[in-house]
Amino acid sequence: MQEFILDIPTDAVTLAEAVAWAQEKLSQKRPHFIASVNPEICLSARRNSTLQAALLAADLRIPDGIGIVLASRLCGGQIRERVTGIDLMEELVALAAAEGKKVFLFGAAEGVATAAASKLKERYPSLLVAGTAHGYLPQAADEEIACDIAASGADMVFVALGSPRQELFVAKHGAASGAKLLMVVGGSFDVLSGRLKRAPLLYQRLGLEWFYRLIQQPKRILRVRIMPAFLAAVTQQRLFTSGRRQC
Ligand code: UDP
């Protein structure tokens, strides 16, 4: 089931459902794209039609962020839990290791994707890493990177370039990468490589992961402060919308 959060259809899935969905798509011919929906992306998609089109073209849009859970509640929706990009990536890496599928990590600062891949290999020794690439090459190199991914024979690609660059990369070059599954993962490589610490479980359970990230990266205040504007926009749209479940 999907709920429209500021016009972005968001899938009301649990982590287990998202993994089952991905597992099924791995055996299909065409590539599938997993996007993450959070308050910041919903607001930027209102101003950026290319980002909006990339999100609409995605095949699964996970409810990534406590703000999305709050928005769903405000609209009488069904989304009760966050499915974070990093949790889903970890599950998909475990699936890749179990099924002999190859993964490619693209994005983050130089050395971070490689470090994340090494840490993942320590956890899942059978994991096949097709390749890694950092995310600070000029955008003109994107096509070449898609060719490198295709040549590597990767089945799954995790893209960590920050939004909207990561969504636009997947929308434009995802098919050329030859992968079956592409997923945008934001800052996940920074955590998986050990460069940043993930919030302890208590913060995650209380919906306060954003606060922990803010302590580690105070610059994120510029991003966190959009929350009131997001909830106001959701409430406003709710008041003026009838018919389909839409916030
Ligand atoms: N990044 C990148 N290339 C860029 C800009 C950002 O590879 O041109 C990386 C950055 O190093 C970080 C990730 O993209 O690893 C974005 O992380 P952020 O914390 O902004 O994402 P979030 O998890 O909040 O969506």
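Annotations
- When the stretch 17-164 is described by a simple charge dipole with +1 on each Lys and Arg Cβ and -1 on each Asp and Glu Cβ, the residue from Thr132, Gly162, Ala97 located farthest towards its positive end is Gly162.
- Mean sequence separation of contacting Cα pairs (under 8 Å, at least six apart), scaled by the length of the stretch 1-151, corresponds to a relative contact order of 19 percent.
- The stretch 1-95 shape via C-alpha gyration tensor axes, a/c threshold 1.5: oblate
- Annotation: the residues Ser152, Ser126, sorted from fewest to most other C-beta atoms within 10 Å of their own C-beta, follow the order Ser126, Ser152.
- Within the stretch 86-144: Cβ-based charge dipole about Cα centre, in debye rounded to nearest 20 (Lys, Arg +1; Asp, Glu -1): 280
- Ascending count of other beta-carbon atoms within 10 Å, so fewest first, for Ile34, Ile8: Ile8, Ile34
- Among the listed pairs Lys172/Lys219; Lys121/Lys197; Lys25/Lys102; Lys119/Lys180, a Cα-Cα separation exceeding 26 Å is found for Lys172/Lys219.
- Kirkwood-Stokes translational diffusion coefficient of the stretch 81-140, alpha-carbon pairs, 25 °C, 0.890 mPa s, µm²/s: 201
- Size descriptors for the chain (Cα atoms only): Rg and Dmax, in that order, 17.4, 53 Å.
- Only Lys, Arg, Asp and Glu carry charge here, each on its Cβ (+1 for the first two, -1 for the last two); on that basis the chain has a dipole of about 660 debye about its Cα centre.
- Split the chain at each of the GluC sites (Glu not before Pro) in a DSSP loop with at most 15 other beta carbon atoms within 10 Å, and the longest piece is 111-247.
- Put in order of Cβ neighbour count within 10 Å, fewest first, the listed residues Asp142, Asp190 become Asp142, Asp190.
- Low-density loop positions, trypsin sites (Lys or Arg not before Pro), the stretch 62-93 - DSSP coil, at most 13 other Cβ in 10 Å: Arg80
- Spatial separation of Cα centroids for the stretch 52-97 and the stretch 181-212, in angstrom: 14
- Mean Cα-pair separation over length for the stretch 8-61, i.e. relative contact order, pairs under 8 Å, 6 or more apart, %: 51
- By the compact-protein rule of thumb, 2.2 N^0.38 Å, the alpha-carbon radius of gyration of the stretch 48-123 corresponds to a ratio of 1.40.
- Ranking Leu51, Ala176, Ala233 by how far each Cα lies toward the positive end of the dipole of the chain (charges on Cβ) leaves Ala233 at the top.
We did not get these values from a lab; they are worked out from the coordinates using the rules stated. Here the structure is a predicted model, which is why all the values come from computation and not from measurement. Glycine gets a Cβ as well: all are built from the backbone with ideal geometry, and neighbour counts include every protein chain shown.
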